[in-house]
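Colleague: Below is one structure. I have some questions about it.
FYI, it's all coordinate maths here, none of it is from the lab. All figures in this text were calculated on a predicted structure; none of them were measured in a lab. Backbone-built Cβ (ideal geometry, glycine too); neighbour counts: all protein chains shown.
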Amino acid sequence: MKGKLAIVTGGGTGIGAACAKELANAGCHVVVTGRHHETLEPIANSIQGTALTCDVTDPEQVQFMFSKAREITGKVDVLVNNAGIPGPIAPITGVDLEQWRNCININLFGALYCLQAAARIMTEQQFGSIINMSSRMGVQGYPMRSAYCATKFALIGITESLARELGPAGVRVNAVLPGAVSGENMDRILEQRAVTEGRTAEEISKEHYTDVAALQRWVDPQEVARAVLFYASDQSSATTGDKMKVDCGRF
């Protein structure tokens, strides 16, 4: 991966930060993007990458970010389309529809704007690898997570569609499906579920996340990042339109 340029959206925390570090360790110059510079800069500095603030829901900001990233090496080799939010955690009968729309706007339209910008560059240069961050909830629905599931299911369809569309230009498009990943994001989800369900976060964690997994543990963000690196690298040169679960065996 030496000399390649990778863009990681939502790269300041969690899975995004782990992906940025993994790609940098493999030799990439990584452009770490997100809405908050204060979270991006420490990650970028630690891997000798570049921090660029970008709200993926604004197509003009997305276009500007991609153009600035391209100036670094003259190309964009990899896009890790990772930016996203958990969305509302509530039954459909009482879910806040504005929160529902916001989840669609960030997770789906934000991903779409980045896909369009990357596709334009990569078809012109006739190579590239795009990795969409879907979820285990992109292939199996989950109660009280209708907005999030909708966006992640959609990303699987988009992945398969664009793999066929961009394949003739030498551009590969794949998706990673993390399961329950340890970290601050999951902690917040557990807290919200505990309030909604009237149970402890520990009870919910064991019943729905760890005890039901074959390996009976959480996924580490670095384990997701290694799957991303596989799709980004030439180790997967004949693989496109694919999806890989990284979920500790939650069947």
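Colleague: Could you please find all residues in segment 222-238 being outside any helix (DSSP H, G or I) and either in contact with a helix residue (DSSP H, G or I) (Cβ under 7 Å, 6 or more places away or on another chain) or surrounded by 15 or more Cβ atoms within 10 Å (Cβ to Cβ) (or both)?
Modeller: 233
Colleague: Being surrounded by 14 or more Cβ atoms within 10 Å (Cβ to Cβ) and in a helix (DSSP H, G or I) is the filter here; which residues of segment 198-221 pass it?
Modeller: 201, 204, 205, 208, 209, 210, 221
Colleague: Let me ask something additional. Would you be able to say whether some residue in segment 142-158 is without any contact (Cβ under 8 Å) to a residue 24 or more places away in the chain and among the aromatic types (Phe, Trp, Tyr)?
Modeller: Yes, that holds for at least one residue.
Colleague: Kindly list the number of the only condition in (1) under 30 Å from residue 1 (Cα atoms); (2) in contact with a Pro (Cβ under 7 Å, 6 or more places away or on another chain); (3) of a type in the set (Phe, Trp, Tyr) that fails for residue 148.
Modeller: So the condition that residue 148 fails would be (1).
Colleague: Going through segment 98-141 one residue at a time, which ones are under 22 Å from residue 28 (Cα atoms), in contact with a Lys or Arg (Cβ under 6 Å, 6 or more places away or on another chain) and touching a residue at least 60 places away in the same chain (Cβ under 8 Å)?
Modeller: 129, the sole residue that qualifies.
Colleague: Let me ask another. For segment 197-216, give me each residue that is of a type in the set (Val, Ile, Thr) and under 14 Å from residue 248 (Cα atoms).
Modeller: 210, 212
Colleague: From the residues in segment 170-226 that are among the hydrophobic types (A, V, I, L, M, F, W, C) and without any contact (Cβ under 8 Å) to a residue 24 or more places away in the chain, which one is farthest from residue 135 (Cα to Cα)?
Modeller: Among those residues, the one meeting the criterion is 195.
Colleague: Name the helices (runs of 4 or more DSSP H) wholly inside segment 59-140 in which the number of residues that are surrounded by fewer than 18 Cβ atoms within 10 Å (Cβ to Cβ) and among the hydroxyl-bearing types (Ser, Thr, Tyr) is 1 or more.
Modeller: Here the list reads 59-73, 110-125.
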